[in-house]
Amino acid sequence: MSNAPAMNPSALHLQNLACMRGGKTLFNDLSVVLEPGHLLRITGSNGAGKSSLLRMICGLLTPSMGSIQWGANSIHADRDFFHTQLIYLGHTPALKGDLSAEENIIAAGSLSGDDITSSMARDALVRSGLGHLASKLSRTFSQGQKQRVALARLQLAEDKPLWLLDEPFNALDQDANEALQALIKAHLTRGGMVALSSHQVVALDQIDRVVRVSL
Amino acid sequence: MSASLSIPKVMLAIVRRDLSLALRRKNDSLSALFFFVVVASLFPLGIGPEPTLLAKIAPGMLWIAALLAAMLSLGRLFADDFQDGTLDQLVLTAIPLPLAVLSKTAAHWISTGLVLTIASPILAIQFNLDSQSMGILLLSLLIGTPLLSLIGSIGAALTLATRGGGMLLSLLVLPLVIPVLIFGAGAVDAHQAGLPVDGHFYLLSAMLAIALFFAPIATAASLRIAVE
C-alpha cells in the first residue's frame with residue numbers, strides 16, 4: 001500500500017480495517033482496493049458488519065483500526081469534497097413522511113449540493129416508474145415504494161463516482177430489481193464505482209469486474 | 001453540478017425544508033405556543049389579580065414560560081431525522097456540518113422561538129406591563145430565544161441516542177440557559193426600576209454571538225457521535 005507508485009486519483013482504498021461493535025470484533029484486517037468501473041460486493045450473514053462497513057466507507061462510522069482513502073487522501077481530510085463524490089443509501093429509505101416523493105428527492109439532492117429542479121426530480125421518478133407518486137406524501141407509501149423512491153435518486157447521481165448501497169434489492173419487485181441492476185451496470189460502464197451489500201443472489205454476477213468481500 | 005456548490009444555497013434549502021416540514025406538522029409549533037400561553041396564564045390565576053405584583057413578576061414569568069415552551073420542541077430537533085435516516089444524509093452533506101446544523105437551528109428558532117416572541121406582547125397585557133416594558137421584553141426575547149435554540153441544539157444532539165432523552169435534555173439544557181434568563185428578564189426588570197438596559201442587551205448579544213459560533217460546532221460533533 002504505502003509503496004504503491006501512484007494511486008489512481010479516484011480509487012477507494014480500504015486498509016487493514018477493523019470494526020468493533022459492543023466489544024465484539026465484526027471484522028478485522030480488511031484491505032480492499034476498489035478501482036473505477038468495479039463493483040464491491042459485500043456479503044455476509046445478519047450482523048456480520050455489512051452495514052457497518054458501508055457506513056465506514058462513507059465516513060459515518062470511524063474504523064476501530066485502519067484507514068480509508070479516496071485517491072491519495074484520507075476520506076476525513078476533505079470530508080465535504082468526499083461527500084460530493086458519493087451517494088449513500090442506507091437501510092432506511094431516508095424519506096421525510098411529510099414531504100412528497102418529489103420534494104424528498106429535491107431535499108436530499110440539495111444536501112449534497114446538487115441543484116435539482118422540480119422537473120428533474122419528477123423525471124427521475126418517472127424513469128423509475130414512480131411518476132404517479134411524485135406529489136403524494138411519502139408516509140403513505142409502502143416499504144417497497146419508499147425504497148424505490150430512495151433509489152430514484154440514483155437517476156440523478158450519474159456524476160457521483162461512488163455509490164454506496166445498503167441492501168438495495170430489499171423489498172423490490174422483479175421489475176424494480178432489474179431496473180436497479182441496469183442502473184448499476186450503466187454506472188459501472190461509465191467508470192463509476194458501486195459498493196453494495198446484499199444477501200440475495202442477483203444477476204449482477206454477470207459483471208466481471210467485481211471485488212467480493214465476505215464478512 | 002457539484003462544481004457550482006454554493007454554501008448559502010444549501011443552507012437555505014435546509015431551512016426551507018425544515019420550515020415546510022414544520023408547516024405541515026403544525027401541532028409541534030402550535031403546542032409549544034399553547035404551552036407558553038397556558039403556563040403564562042396560570043400565574044395570574046394562581047397568584048391573584050394584584051396589578052403591581054403581576055407587573056413586577058411578569059418579565060421573569062414570561063421568560064420562564066418561553067424557556068419551558070422552547071424546551072418542549074427541542075427534543076424533536078434531530079430525533080425525527082435520526083429515526084427516518086435523513087440525519088445520515090445531513091451528516092453526509094457537502095457543506096461543513098456546523099453550517100448545516102446552524103441552518104436547522106435557524107429553522108427551529110423561526111418555528112418556535114420567533115412565534116413565542118410574537119405572542120409575548122399579548123400575554124404581557126395580562127400582567128399589566130406598560131408598553132415600553134413590553135417593547136423591551138419583546139427585544140430581549142428576540143435576542144434570547146435564538147440562544148435557547150442554539151444552546152438547546154447541543155443538548156438535543158447529545159441526548160439523541162439515549163432512551164427517554166426528553167427529561168435528560170431539560171436537565172442538561174436548563175442550567176446552561178440560566179444566564180440568558182437572568183439577563184433577558186433582568187433587562188425588563190432594570191427598565192421598570194428606571195435603570196439603563198443597554199448593558200443587558202450588550203451581554204445578551206455577546207452571548208448570542210458566541211453561541212452562534214460555538215454551538216453549531218459542538219452540536220455537529222455530538223451528531224457525528226450519535227450517528228455512529
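What follows draws every value from the coordinates through simple rules; no lab data is involved. Quick caveat: nothing in here was measured; it's all calculated off a predicted structure. Here the Cβ is made from the backbone with ideal geometry for all residues, glycine too, and neighbour counts use every protein chain on show.
Test of understanding: extend the Cα→C-beta vector of A:T92 to 7 Å, then name every residue of segment B:66-107 with backbone N under 12 Å from that spot. In segment B:66-107, the label zone of A:T92 (backbone N under 12 Å from the point 7 Å along Cα→Cβ) covers B:78-90. Counted by neighbouring Cβ atoms within 10 Å, the residues B:D18, A:D78 run from fewest to most as A:D78, B:D18.
Here the Debye sum runs over all C-alpha atoms of the protein assembly as shown as equal scatterers in vacuum, and log10 of I(q)/I(0) at q = 0.07, 0.08, 0.09, 0.13 Å⁻¹ comes out as -0.42, -0.53, -0.64, -1.10. Only beta bridges with both residues in the protein assembly as shown are counted; by DSSP, about 45 percent of them are antiparallel.
A simple rule links phi to the HN-Hα coupling: the Karplus curve 6.51 cos²θ - 1.76 cosθ + 1.60 with θ = phi - 60°, which for segment A:66-73 gives x, 9, 10, 10, 10, x, 9, 10 Hz, with x for Gly and Pro.
Remark: mean inter-chain Cβ contacts per residue of B:78-88 equal 4, using a 10 Å Cβ-Cβ cutoff to other protein chain atoms.
Counting, for every residue in B:18-30, the Cβ atoms of other protein chains within 10 Å of its Cβ and taking the mean gives 2. Evaluated on segment B:2-227, the Kirkwood hydrodynamic radius is 18.1 Å, with distances taken between all distinct Cα atoms.
Counted over segment B:42-93 with a bin width of 5 Å, the fraction of Cα pairs per bin, in whole percents, is 4, 17, 16, 13, 10, 8, 8, 7, 7, 6, 3, 0.
Its residue count N fixes a reference of 2.2 N^0.38 Å for chain A, and the Cα radius of gyration divided by that reference is 1.01. Per-residue 3J(HN,Hα) values for segment A:76-83, derived from phi via the Karplus relation 6.51 cos²θ - 1.76 cosθ + 1.60 with θ = phi - 60°, read 8, 5, 10, 4, 5, 5, 4, 5 Hz in sequence order (x marks Gly and Pro).
The H on the amide N of A:M193, modeled in the peptide plane, is under 5 Å from the matching H of A:G37, A:L162, A:W163, each at least 5 residues off or on a different chain. Work out the FRET efficiency for B:I217 and A:D29 from their Cβ-Cβ distance, taking R0 = 45 Å, and round it to the nearest 0.05. According to the calculation, E is roughly 0.85. A simple rule links phi to the HN-Hα coupling: the Karplus curve 6.51 cos²θ - 1.76 cosθ + 1.60 with θ = phi - 60°, which for segment B:169-177 gives 4, 5, 5, 7, 8, 4, x, 6, 9 Hz, with x for Gly and Pro.
Going from the fewest other Cβ atoms within 10 Å to the most, the residues B:L147, B:L142 appear in the order B:L142, B:L147. Taking amide H atoms as placed 1.01 Å from N in the peptide plane, the amide H of A:S100 lies under 5 Å from those of A:S138, each 5 or more residues away in sequence or on another chain. Size descriptors for segment A:115-207 (Cα atoms only): Rg and Dmax, in that order, 13.2, 37 Å.
Each 5 Å bin from 0 upward holds the following percent of the Cα-Cα pairs of segment B:89-198: 2, 11, 17, 18, 18, 13, 9, 6, 3, 2, 0. Footprinting exposure proxy ranking of B:L102, A:L53, fewest other C-beta atoms within 10 angstrom first, gives B:L102, A:L53. Take each residue of peptide A:85-91, count the partner chain Cβ atoms within 10 Å of its Cβ, and average: the result is 3. Computed from label points 7 Å out along Cα-Cβ, the spacing between A:K136 and A:R209 is 3.8 nm. Determine the alpha carbon to alpha carbon distance for each of A:K50/B:K9; A:K50/A:K185; A:K146/B:K9; A:K24/A:K160; A:K185/B:K104 and list only those over 30 Å. In this structure, A:K50/B:K9; A:K24/A:K160; A:K185/B:K104 exceed 30 Å between Cα atoms.
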